[in-house]
Each structure stands twice: as C-alpha cells, then as structure tokens.
Amino acid sequence: MGRPKALLPIGSQTFIEKIVGALRQAGLENIIVVLGHDAEAMRQKIAHLPVTILVNPDYRKGQLSSLRVAIRHLLPNDGCSGLLVHLVDHPYIDAALVNFLIERFEVSGKLIAVPRFHGKRGHPVIFARSLFGELLNAPEDQGAKAVVNAHRDETLEIETEDEGITLDIDTPELYRQHIKGD
C-alpha cells in the first residue's frame, strides 16, 4: 500500500479508528492491537485509542504470528472465554453485527463463529478459548484456517447481508475503489 493500512483514511477516521470505534460501540472493552512493522512509530500514532498494544517481533511470518502474540497475552486471563479476531484491512465492521455474532456464538456452544456474505466467509471470526492451543500450534503456512477447517462441525456460520465482512482492502486499487463513497 505504500503506507500503513491502519492509518489509511476512511471518511473522517482511519481504518484502525473505525474498527476500534465499532468494537467499542459493540461493548467490547478489552481490545488488543498487535503491531509489527515499524511498531514504535505506529504505537505513537494510535496511542490515543482505548486499546492494549502488543508488538509482534515475528510479524514477517504472517497473520498467524500476530494472532499467537494476542493469544499468549490472553492465556493467563482465566476470565477470557474466547477471542474475536478482526483484520485491519477489513475496515467495514458493524457494531450490530459484532453483537449478533457474539450472542449467537455464546448461545450456540460452538467453538468458532464466522459471518458469511452470499456464502463467502468474512471477518470478524470468534474462537473459543479451548482452541487457543490449536491456534498456537497451527501450521504457519495455513494459519487459523487450519483450525477452522479442522472444526467444520463446531463452526457456526451466520449469513449476513453486510458485504463489509468480506471487503479486504489490501491494494491501492481496492482502496481507491472502496473509499470513493466515504
């Protein structure tokens, strides 16, 4: 992208501000942001956000390495029953959908909850605490998908008309295309 995705403007906010705002609006209080490349500079730019900032020294290994940093941080917290994972290049997150996903996850007793738009899975994804060990040991080349695939029968898929769950803005072209209306 040429600059950090987290700091890309979308409307009057940045991607990270929009995501954190939606998660806070959904009632989530313990929000963790895992930083990688140029972590100290990023830390300074997002210091105003109500989040816990962790640094992933192995960020070049991919998304799973950042997820592992968050999980290791959460493991000592016995009150943590699960983990909602959201990627910074998916800025279109809706607080009402997050609430619905959490409610359905808790009621279902399933190990994983994932939203779907017209059959395509998206983000955020919720993992039960009982899967933390599997996520820590997942193959790096497959990431969390390996855990999701291993637990198809224990995965709650929730259909939504919210296309934002699938919008992965990771190229300058996609960014220009999707922010036109903001």
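Please treat every number below as a calculation from the coordinates, not as lab data. Predicted, not measured: the structure shown is a model, and the values here were computed from it. Neighbour counts are summed over all protein chains in view; Cβ atoms, including those assigned to glycine, are modelled from backbone coordinates with ideal geometry.
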Practice prompt. With θ set to phi - 60°, apply the Karplus curve 6.51 cos²θ - 1.76 cosθ + 1.60 along segment 89-94 and write out the HN-Hα couplings as whole Hz, x wherever there is a Gly or Pro.
Written response: 8, 10, x, 8, 10, 10
Response to the item:
segment 119-182 and segment 1-55 have their Cα centres apart by a whole-number Å value of 18
Worksheet item: Over the chain, what lengths in whole Å, largest first, do the semi-axes of the equivalent ellipsoid take, defined as the square roots of 5 times the eigenvalues of the alpha-carbon gyration tensor?
Response: 24, 20, 16
Discussion item. Please list 3J(HN,Hα) in residue order for segment 157-163, calculated via the Karplus relation 6.51 cos²θ - 1.76 cosθ + 1.60 where θ = phi - 60°; whole Hz, with x for glycine and proline.
Written reply: 9, 10, 6, 9, 9, 8, 4
Worksheet item: Just 57, 139, 76 to compare: in a GNM of the chain, with alpha carbon springs under 10 Å, which one fluctuates most?
Response: 76
Discussion item. Can you give me the orientation-averaged projected area of the convex hull built on the Cα atoms of segment 82-130, in nm²?
Written reply: 3.6
Item to complete: Taking the dipole about the Cα centre of the chain, with the C-beta of Lys and Arg at +1 and of Asp and Glu at -1, give me whichever of 12, 30, 42 is farthest to the positive side.
Response: 42
Response to the item:
Taking placed amide H atoms and a strict 5 Å upper bound, the residues 5 or more places from residue 36 or on another chain that come that close are 56
Worksheet item: So, with +1 on the Cβ of K and R and -1 on the Cβ of D and E, and no other charges, what is the size of the charge dipole of the chain about its Cα centre, to the nearest 20 debye?
Response: 360
Response to the item:
Here the percent of antiparallel bridges among DSSP beta bridges lying wholly in segment 29-176, to the nearest 5, is 45
